Amino acid sequence: MTDKSPVSVADTQTLTSLGKAFRSTLSRDLLIAFKRRNDILNPVMFFLIVVSLFPLGVSPDPQQLSVIAAGVIWVSALLASMLSLDNLFRADYEDGSLEQLLLSPQPLYFMVLAKNISHWLVSGLPVVLLSPVLAYMLYLPSEAYGTLFISLLIGTPVLSLFGSIGVALTVGLGSRGLILAVIVLPLTTPVLIVGAKAVADVSFGLPVGTHFAILGAMLALALTIAPLASAAALKISVN
Amino acid sequence: MTDKSPVSVADTQTLTSLGKAFRSTLSRDLLIAFKRRNDILNPVMFFLIVVSLFPLGVSPDPQQLSVIAAGVIWVSALLASMLSLDNLFRADYEDGSLEQLLLSPQPLYFMVLAKNISHWLVSGLPVVLLSPVLAYMLYLPSEAYGTLFISLLIGTPVLSLFGSIGVALTVGLGSRGLILAVIVLPLTTPVLIVGAKAVADVSFGLPVGTHFAILGAMLALALTIAPLASAAALKISVN
Amino acid sequence: MWLWFSKLGSPRWFYELSGKWLPWLYAAMVVFMAVGLTWALLFVPADYQQGETIRIMYVHVPVASISLACFPLMAVAGTITLVWRMKLADMVAKCVAPIGAWFSGLALLSGAIWGEPIWGVWWTWDARLTSMLIQFFLFIGVIALRSAIESQDAAAKACAILAIVGAINVPIIKYSVEWWNTLHQPASRISMDPMAPNPPEIWVPLLIMIAGVYLFFIITLLLRTRNEILVRERRSKWVQDLVRKG
Amino acid sequence: MTIGSNPEALLEGRNLYCERDERVLFEQLSFSVQGGQLLQVKGSNGSGKTTLLRILCGLNDSFEGELYFQGQLIEEQRDQYLASLLYIGHRSGVSRILSPRENLRWSGALHYPIADADIDDALAEVGLRGYEDVPCHNLSAGQQQRVSLARLLIGRAVLWILDEPFTTLDVHAVAQLEVRLAHHVKNGGAVLVTTHHDLKVDCRHDVLDLDASRVRSSV
Amino acid sequence: MTIGSNPEALLEGRNLYCERDERVLFEQLSFSVQGGQLLQVKGSNGSGKTTLLRILCGLNDSFEGELYFQGQLIEEQRDQYLASLLYIGHRSGVSRILSPRENLRWSGALHYPIADADIDDALAEVGLRGYEDVPCHNLSAGQQQRVSLARLLIGRAVLWILDEPFTTLDVHAVAQLEVRLAHHVKNGGAVLVTTHHDLKVDCRHDVLDLDASRVRSSV
Ligand code: HEM
Ligand SMILES: Nc1ncnc2c1ncn2[C@@H]1O[C@H](COP(=O)(O)OP(=O)(O)OP(=O)(O)O)[C@@H](O)[C@H]1O
Ligand SMILES: Nc1ncnc2c1ncn2[C@@H]1O[C@H](COP(=O)(O)OP(=O)(O)OP(=O)(O)O)[C@@H](O)[C@H]1O
Ligand SMILES: [Mg+2]
Ligand SMILES: [Mg+2]
């Protein structure tokens, strides 16, 4: 038995610093994602598959596809990011790690934020990076590539953040999958509208500065309230 | 302690009959679905929400919507049926009921079939029933309603059956959600193609008898092999 | 003030007080509804453009405007639940959700019925209709969440959070949807704003109907809440006394 | 107790070999269990008890060696074997959404037709009277385990394979289960059980120690 | 042992009341635990032990009554309290995808900075030498529990709250954990523990019996 000096009531000075705890949580979640590998591959694959269902289901006509391209890509990105969210807290809830997180003396806002960032890095970012390829496959006018990319880059974190509220609310439920989508999808329609509209507008040669500004404002709002709401929801879910 | 006659090696004559075991499994699954309520509501709501995302993402223009209507409805039905599948074996796996099912002396083909039927009744059928409303909202030409309805009625059970193979294969995995979609969506594209094409053709006034015949053949095939494949996959998953 | 607040939080007090109010509310509703409906159905002149269908307005507008009030109400109740842990607030929140969903659904339905003769379609992706549809989805989300969570306490808080987040979102959704559609098809839309050019014989009965339907809403809400109180407090002494009495 | 071939044995394993993650769990393991006998599988954590029991049930097939039921290879008569088997594992097999009664109704009906009155009797006996209709996720850990164990009372299987059935049970329930096991064995049944606690049963009780990989008789 | 107000107590509950599903689990329950004391919470299945422990940790807030940490209300000093607390529940808090070492690295780092060498020492002590890098889902039930218990060795919390920590442990590990608990108590720590087995610790050991809803001293 490793011998230790007698225990005493905690000296909060020696606690792990917030920065260190934040990095530790972030890197733990990234490590889990890399070990599972599927976490990284699946959202992209899902995105790719769903987008390619449209030429099959709608019509392979370039003319028609180019009209719906922006909308289809945005809807698919929305779905991919929504459905990959199930991984955000579920495993932690089931194995009890979530309880440990809630009982740690670290501020929950930042711990949840760390988990959100890690989740976006492994599931949102790859989708953003792949989007130009899909845009090409759906004959999106090439002027719009940049706008699509940037709008997804700003928009997908908002989706993740809002989504995480929904996951936190439903993580304790036996049934899963769709209830998350039913709760979260309506909340995220503004992101979809603004994002898809930016791409559509730029194809018509209209300016898109305002669109980006609105998306940015949404991101700021989401960063402020979503981790707080998620943290509160997590406390309720483990109850 | 209830006193019983000394136990002896099983007399297979007195076993529960297949029909009774089938009904018992079917009604158990329906009971669970009704108790959770969400199992029934969520696939329909998801279907409804996803379909309404397209006007938001693509354009509210009736002209454009009517062109993509059939494809969008079919893709959304495919996604709804895919994502509701997570409920099919997951809870049973986690609480150990699946082991009990595998260890029962009943033929697994029929037990899996019972679970499939119950799943389709609560998640596939409501989607089919709602489809005309959505077809209206997306301005599908009204000649095509009947075809859409029938093609979904034959097609969604095929989706459930094929999907259940995917669930059975992945039920033991920690990460979930998207991997299922990634495995199953490619398997089910033929159904999507034929179904959507039937609707598109009827809008152009073409005959659709062959399409229905193909869908029917797919259903027959799925009924024959899917429960067997699922049963085999379940045995692997609990290993 | 504080005393009043905590007293209001007592389900029993609320039950008894609302019991006293209810007859008056009933009476007022019957009066308003009777006057409003007769006036609207029999005496309002048919519109020169819309014909008799203008009468649907007397259902549609009140129902739609109430459904818009439900989400903020639910969010306020949710905030009270979270901050002061007042049980009564959650009972109200729980009862508002289905009413909100119903009224949203009715607004959609009455709008659709009206739209058919006026626009020639049951449904169009107009900004207002779309945002109403999304609001309907939001209500369904809250209801689904409530029914999915077993523990009453957890369900109360979870739904409160969702209601608050949703309420922050409702204006954003409304704004974005309007912005989205007005640019896409500015011309083909039919004005939904007939108030301005219309004479008093059209909008006075409308105001009466609005008041009547509001009363109906309040009564429904009270009845549901009272029912919820009885269910949740069924083991308390005063409820059992009540049951024993009759 | 005879080791090796034994035509009288209910369940017999011969020359079993299993490795996991390149660690040999057991090799040349042979054992048998007959009606009227309780065989306790012992071993330290990670010695392979759970793995062995799952192999015996057919839930795990990554092993080598032969398994016999009543002197015949199990794979040749799987249905007959399953009809005589009752397994309770680490996972309780209790749906958390259904009530205890509904759970037993289904898991009972998979094997033998069963009357509702019998189910209620069984639940009362495991101390769940009054909880028949509560959804199982509202039960405590030990109560859920009791639901699972109620299956021992309604089933008619001759061979019980139980993996740590005593976890989370309170002292009273532990004693009751021990009595129940002895009762089954005395009636001619056979029990294979793992547990880390000090099992006290009033019947023939042998031990298979996986740490030693051989069978010792303790009674 | 003093019941009621006690400024010296590390953790104290006063007049606790909790009901679930309209069944009162405990009412007017008061207890306290100080440094140098082990308090075992006893009770039959479903008596509310888990519920009580989760209330004490702040994981469950549907109760009435007051909780004090060092004489002050816990809600007024939650951070200080959490920094002094270590909880291990029915759910082990061990990620099944990560290895034991990675698990401990994270759960340790949430509280206090910790060196990798200490982690390996702790794992060796709970008998997991050689398993440091195996993903936890490849460990047996008892081995996973050991990973979770290794946190007792690396943490610096003064108050341990343990819910059935002995489940699935083998005899050797049980004895070792008992020694560890006594060691912590003798060093001035406090332990609150539930278990159905017959706890043998060499330190001050009191019992809170939920079936009787009052505290008896057993040593
Ligand atoms: C499904 C279809 C419809 C929906 C969801 C809908 C929704 C709404 C909503 C949300 C309001 C606002 C109520 C308020 O602000 O208090 C409203 C008001 C109104 N609607 Fe509709 N509506 C629909 C169809 C129609 C149709 C077809 C007409 C007739 C042309 C119509 C005429 C009006 C009028 C006159 C008002 C009152 C104007 C105002 O308060 O600004 N609506 N509707
Ligand atoms: N999630 C829940 N919702 C409602 N009631 C619950 C819930 N979990 C447990 N209960 C009830 O609370 C009571 C106490 O449960 P608890 O888990 O605290 O018991 P316990 O003493 O830990 O029992 P065990 O020894 O079986 O672990 C039980 O009667 C149970 O029916
Ligand atoms: N899913 C798995 N994949 C690979 N190896 C595994 C798996 N599960 C367990 N093992 C390994 O197999 C060995 C035996 O595990 P098993 O669960 O059979 O042990 P046990 O005797 O039941 O232990 P306990 O007393 O802890 O329940 C362990 O060393 C473990 O590392
Ligand atoms: Mg084991
Ligand atoms: Mg417990």
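The values are calculated or read from the model by the stated rules, or taken from the named source; none is laboratory data. Given the structure is predicted, the values throughout are model-derived calculations rather than measurements. Quick reminder, even Gly has a Cβ in these numbers, built from the backbone with ideal geometry, and neighbours come from all protein chains shown. Quick note on the areas: whole protein, heavy atoms, side chains included, nothing else; ligands and nucleic acids left out. Shrake-Rupley method; radii C 1.70, N 1.55, O 1.52, S 1.80 Å.
A few remarks follow.
- Summed over both chains, the contact between D and B buries some 3900 Å² of accessible surface at a probe radius of 1.4 Å.
- Chain C - accessible surface per residue (Å², probe 1.4 Å): 50 Å²
- Residues in the stretch E:100-114 occluded by at least 40 Å² - accessible area, probe radius 1.4 Å, against chain by itself: E:GLU102, E:TRP106, E:ALA109, E:LEU110, E:HIS111, E:TYR112, E:PRO113
- Dividing the summed helix terms, -39500 (n - 2.57) for each DSSP H run of n ≥ 4, by the number of residues in chain D produces a 222 nm estimate of -8500 deg cm²/dmol to the nearest 500.
- On the stretch E:96-219, 50 percent of the accessible area sits on carbon and sulfur atoms, based on a 1.4 Å probe.
- Charge tally in the Cβ shell below 14 Å around A:LYS20, where Lys, Arg are +1 and Asp, Glu are -1, A:LYS20 excluded: +3
- Contact residues in the stretch A:52-81 (at least 40 Å² less accessible area with all protein chains than alone, 1.4 Å probe): A:LEU53, A:PHE54, A:LEU56, A:GLY57, A:VAL58, A:VAL67, A:ILE68, A:VAL75, A:LEU79.
- Of all lysines in the structure, those lying under 20 Å Cα to Cα from A:LYS197, and not within fewer than 8 positions of it along the same chain, are C:LYS174.
- Taking all protein chains into account, the per residue accessible area for the stretch D:74-131 stands at 37 Å² (1.4 Å probe).
- Folded to 0 to 90 degrees: helix C:200-232 orientation relative to chain C principal axis, Cα: 30 degrees
- Between 0 and 90 degrees, the angle of helix C:87-119 with respect to the longest Cα principal axis of chain C falls at about 10 degrees.
- Percent RCO, i.e. relative contact order, over chain C, from Cα pairs under 8 Å lying at least 6 residues apart: 31 percent
- When a 1.4 Å probe is rolled over the protein heavy atoms, the share of accessible surface on chain C that falls to carbon and sulfur comes to 70 percent.
- Ordered by solvent-accessible area of protein heavy atoms (1.4 Å probe), largest first, the residues A:THR210, E:THR51 come out as A:THR210, E:THR51.
- Relative to the longest principal axis of the Cα atoms of chain C, the long axis of helix C:152-184 makes an angle of roughly 10 degrees.
- Of all chain D C-beta atoms, the nearest to the rotation axis linking D with E is recorded, alongside its rounded Å distance, as D:THR167, 2.
- Over the protein assembly as shown: Rg over Rh, Cα atoms, Kirkwood Rh: 0.98
- Only protein atoms count toward the accessible area here, which uses a 1.4 Å probe; on the stretch A:18-238, the carbon and sulfur part of that area reaches 73 percent.
- Across the identical copies, the label point of B:TYR109 (7 Å from Cα in the Cβ direction) is separated from its matches by 6.2 nm, in order from shortest.
- Sorted from nearest, the other copies put their A:GLN63 label points 1.1 nm away, the label point being 7 Å from Cα in the direction of Cβ.
- Among the listed pairs A:LYS20/C:LYS87; A:LYS235/E:LYS186; B:LYS235/D:LYS49; A:LYS35/E:LYS49, a Cα-Cα separation exceeding 29 Å is found for A:LYS20/C:LYS87; A:LYS235/E:LYS186; A:LYS35/E:LYS49.
- Summed buried accessible area for A+C [probe radius 1.4 Å, Å², rounded to 100]: 2200 Å²
- Residues losing 40 Å² or more accessible surface upon assembly, the stretch E:17-48, compared with the chain by itself, 1.4 Å: E:ASP21, E:GLU22, E:ARG23, E:ASN45, E:GLY46
- Gaussian network model of chain D, Cα within-10 Å springs - most flexible of D:LEU162, D:LEU199, D:LEU56: D:LEU199
- Per-q log10 I(q)/I(0), the stretch B:18-238, q = 0.09, 0.11 Å⁻¹ (Debye; single scatterer per alpha-carbon; no solvent): -0.36, -0.54
- Ascending list, in nanometres, of distances separating the D:ASN15 label from those of the other copies (7 Å, Cα toward Cβ): 7.4
- Span-like helix ranges in chain D, DSSP H, alpha carbon extent 24 angstrom or more, Kyte mean at least 0.0: none
- Under the span-like rule (Cα at least 30 Å along the axis, Kyte-Doolittle mean at least -0.5), DSSP H helices of chain A: A:62-84, A:145-170, A:209-238
- Inter-label distance, C:ILE113 to A:LEU153: 5.2 nm, where each label sits 7 Å from its Cα along the C-beta direction.
- The mean sequence separation of alpha-carbon pairs under 8 Å and at least six residues apart, normalised by the residue count of chain E, gives a relative contact order of 28 percent.
- Inter-chain Cβ neighbour count for E:177-184, averaged per residue, equals 1 (cutoff 10 Å, partner chain atoms only).
- Positive-end residue, the protein assembly as shown charge dipole about Cα centroid, Cβ charges, pick of B:THR189, E:ILE97, B:SER203: B:SER203
- Helix-derived mean residue ellipticity, 222 nm - over chain A, DSSP H n ≥ 4, -39500 (n - 2.57), to 500: -25000 deg cm²/dmol
- For the stretch A:18-238, accessible area per residue (1.4 Å probe, heavy atoms of protein chains only), Å²: 29 Å²
- Student exercise, the protein assembly as shown dipole from Lys, Arg, Asp, Glu Cβ charges, in Debye to nearest 20: 1460 debye
- Computed with a 1.4 Å probe on the full set of protein chains, the accessible area for A:PHE22 sits at about 50 Å².
- Relative contact order (%) - the stretch B:18-238, alpha-carbon pairs under 8 angstrom, separation at least six: 27 percent
- With a 1.4 angstrom probe, the accessible area lost at the B-A interface totals about 3600 Å².
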